[in-house]
Amino acid sequence: MPKYCRAPHCSNVAGSVQPGGRRISFYRFPLQDAPRLRRWLTQMHQENWVPTRHQHLCSDHFEPSCFQYRWGVRYLRPDAVPTIF
């Protein structure tokens, strides 16, 4: 099953070619961390929606400071909250 970004008005899909060779990564909602999940949903203006474990947000919705790099791989910081919508 392909990954789609669940952000409003975002059409990013895993595996699609991005302009300029940009790499898009997808991140699951923090379902096990209720306070952080609440912050994510508030930023998305989706306070009354409950995501499932199969839904994702793409990297376009996070500031560069939300990422850390280890061994050349980009990871989302444990305290990252999406802010770009």
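With +1 on each Lys and Arg Cβ and -1 on each Asp and Glu Cβ, and nothing else charged, work out how big the dipole of the chain is about its Cα centre, in Debye to the nearest 20. Intermediate values should be presented prior to the final figure.
Working: 12 positive and 5 negative charges, 51 e Å.
Once rounded to the nearest 20, the dipole reads 240 debye.
By how many degrees, 0 to 90 and rounded to 10, does the Cα axis of helix 34-44 deviate from the longest principal axis of the chain?
With rounding to tens, the tilt is 70 degrees.
Quote the relative contact order of the chain in percent (integer), defining contacts as alpha-carbon pairs under 8 Å separated by 6+ residues.
Values: 111 pairs, mean separation 26.3, N = 85.
It comes to 31 percent, rounded to a whole number.
Name the most mobile residue of Arg39, Arg70, Arg28, meaning the one with the largest mean-square fluctuation, in a Gaussian network model of the chain with Cα contacts below 10 Å.
For the chain, modelled as a Gaussian network with Cα springs under 10 Å, the answer is Arg70.
Pull the list of the chain cysteines that no other Cys approaches to under 4.7 Å, Cβ to Cβ.
That list is Cys66.
As a test of the formula, what do you get for the chain when each DSSP H run with n ≥ 4 contributes -39,500 (n - 2.57) and the sum is divided by the residue count, at 222 nm and rounded to the nearest 500 deg cm²/dmol? Walk me through the intermediate numbers first.
Values: 1 runs with 11 residues, N = 85.
It lands at -4000 deg cm²/dmol.
Just Gln46, Gln18, Gln55 to compare: in a GNM of the chain, with alpha carbon springs under 10 Å, which one fluctuates most?
Maximum fluctuation in the GNM of the chain, among the listed residues, is at Gln18.
Read the figures in this text as sums done on the coordinates, not as results from a lab. The shown structure was predicted, so the numbers you read here are calculated from the model rather than taken from an experiment. Virtual Cβ from ideal backbone geometry, glycine too; neighbours counted across all protein chains shown.
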